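Q: Structure provided below as structure tokens; questions to follow.
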Amino acid sequence: MKSNKNMLQGGKLLPEFYKSWAKYYTKFIKAYEKEGIPVWGLTIQNEPMATQRWESCIYTAEEERDFLKNYLGPMMEKEGLSDKKIVVWDHNRDLITHRANVIFDDKEAAKYAWGIGFHWYETWTGANPNYDNVKTVNQSYPTKNLLFTEGCQEKFSPEHYQRWSNAERYGNAMINDFNNGTVGWTDWNVLLDEKGGPNHVQNFCFAPIHADLTKKELIYTPSYYYIGHFSKFIKPNAKRIATSSSRSTIESTSFKNPDGQIITIVMNKTDTAITYKTILKNKEVRLEIPAHGIQTLLIN
């Protein structure tokens, strides 16, 4: 079905199979739900601009737009699956604005797209994360949802289970992505084995939890606890509310839960403890966050 006659190594979906491929999505969803596994939504293609040694398929922005508009969107409607959320892009922050412009500026394509997904691997070039691109998409298309669909720490090594910088990468990304309009944030793998797998192409990575199958024990990494500062306290349907810091050494984000409780997450990536004040209306509390620390404040 692809131009390179291979499930791996990129290639493009051949036009004569567009309709069949769209039909496959619907059959896949129905088969899962028949087994009692609900499907909330789907992305059109993982990393559509990357030729990978694993399963991959290349779509330009225009090709993804047209596949969504002319095939996948109408097929989902025809098969009674229009309640499923279709997420476009599903690749890095670096090129997200171009993909959003091409797809969301087309009214016929945009009506099928719930939102746009992204990953954090643009840093492979040596650059910093492109958080401003997330903000730009949010400002340009406020009715479309931004969803972080994949992130993990690459290049697994058992000597670095407790490497703190892995966790700080999560904290920094979640705080900045949420502050720039992201509505949800998902890890790639919550649990992997003691080798960083299993993985059928030996792309071994870190996870928040590793299961050492030789010792029959679980290893909880710092990333697990950093994610917990968000997932444990921010409840479903919480609303992000404005928060700001007067010092660049402190990063923070805030949410208001459905019961009215305010959650503020504070992170300090520096080598020095920082004393700071949390101010809400006419009240303030003086606190200290240790070097390389993360805190969650609960305000009732």
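The values are calculated or read from the model by the stated rules, or taken from the named source; none is laboratory data. Because the structure is a prediction, the values reported are computed rather than measured. Please note: Cβ atoms are built from the backbone with ideal geometry, for glycine as well, and neighbour counts cover all protein chains shown. All accessible areas refer to the heavy atoms of the entire protein, side chains included, with ligands and DNA or RNA removed. Shrake-Rupley method; radii C 1.70, N 1.55, O 1.52, S 1.80 Å.
Q: Considering only DSSP beta bridges where both residues belong to the chain, give the percentage that are antiparallel (nearest 5).
A: The answer is about 60 percent antiparallel.
Q: Still on this structure: Counting Lys and Arg as +1 and Asp and Glu as -1, each charge on the Cβ, what is the dipole of the chain about the Cα centre in debye, to the nearest 20?
A: Here the size comes out at about 620 debye.
Q: Something else about it: What does the charge count around PHE118 come to, taking other residues whose C-beta lies under 10 Å from its C-beta (Lys +1, Arg +1, Asp -1, Glu -1)?
A: Once all neighbours under 10 Å are counted, the net charge is -3.
Q: Using label points projected 7 Å from each Cα along Cα→Cβ, tell me how many nm separate LYS19 and THR272, to one decimal.
A: According to this spin-label approximation, the distance is 6.8 nm.
Q: In addition: Excluding ligands and nucleic acids, what accessible area in Å² is computed for ASP83 using a 1.4 Å probe, to the nearest 10?
A: 90 Å²
Q: Looking at segment 61-218, how many pairs of lysines come closer than 30 Å at the Cα, when each pair is eight or more places apart or spans two chains?
A: 29
Q: Cα to Cα, under 16 Å, and not fewer than 8 places away if on the same chain: which aspartates and glutamates meet these conditions relative to LYS19?
A: Output for LYS19: GLU63, GLU64, ASP66, GLU77, GLU79.
Q: Please give the Cα centre distance for segment 117-160 versus segment 220-268, rounded to the nearest Å.
A: Comparing the Cα centres of segment 117-160 and segment 220-268, I get a distance of 18 Å.
Q: Work through the residues other than ASN203 whose Cβ is under 9 Å from its Cβ and net out their charges, Lys, Arg +1 and Asp, Glu -1.
A: Within the 9 Å Cβ shell, the charges total 0.
Q: Please calculate the 1.4 Å probe accessible area of ILE227, with all protein chains present, and give it to the nearest 10 Å².
A: Roughly 40 Å² of ILE227 is accessible to a 1.4 Å probe.
Q: On to the next question. Can you give the angle from 0 to 90° between the axis of helix 164-179 and the longest principal axis of the chain, with both taken from C-alpha atoms, to the nearest 10?
A: With rounding to tens, the tilt is 70 degrees.
Q: Moving on to the next point. Using the alpha carbons of segment 1-157, what is the convex hull volume per residue in cubic angstrom, as a whole number? Don't jump to the answer; show the numbers that get you there.
A: Working: hull volume 20.2 nm³, N = 157.
Given the Cα convex hull of segment 1-157, per-residue volume reads 129 Å³.
Q: Going by the alpha-carbon gyration tensor, a ≥ b ≥ c the square roots of its eigenvalues, is segment 1-94 rounded (a/c under 1.5) or, if a/c is not under 1.5, prolate (a/b greater than b/c) versus oblate?
A: Prolate is the answer for segment 1-94, as a/c is 1.5 or above and a/b outweighs b/c.
Q: How big is the charge dipole of segment 179-237 about its Cα centre, in debye rounded to the nearest 20, if each Lys and Arg gets +1 on its Cβ and each Asp and Glu gets -1 on its Cβ?
A: It works out to roughly 180 debye.
Q: Now for a different question. Where a ≥ b ≥ c are the square roots of the eigenvalues of the C-alpha gyration tensor, would you call segment 178-300 rounded, which needs a/c under 1.5, or, failing that, prolate if a/b is larger than b/c, or oblate?
A: prolate
Q: Could you please state how large a percent of the accessible area of segment 139-247 is carbon and sulfur, counting protein chains only and using a 1.4 Å probe?
A: 54 percent
Q: Per residue, how much accessible area does the chain show when a 1.4 Å probe rolls over the protein heavy atoms, in square angstrom?
A: 54 Å²
Q: Could you tell me the relative contact order of segment 16-82? Use alpha-carbon pairs under 8 Å, at least six residues apart, and round to a whole percent.
A: RCO, segment 16-82: 36 percent.
Q: Using a 1.4 angstrom probe on the protein heavy atoms only, could you order GLU77, GLU159, GLU122, GLU62 from most to least accessible area? Intermediate results must be reported in sequence, preceding the final value.
A: On the way: GLU77 105, GLU159 140, GLU122 5, GLU62 75 Å².
From most exposed to least exposed: GLU159, GLU77, GLU62, GLU122.
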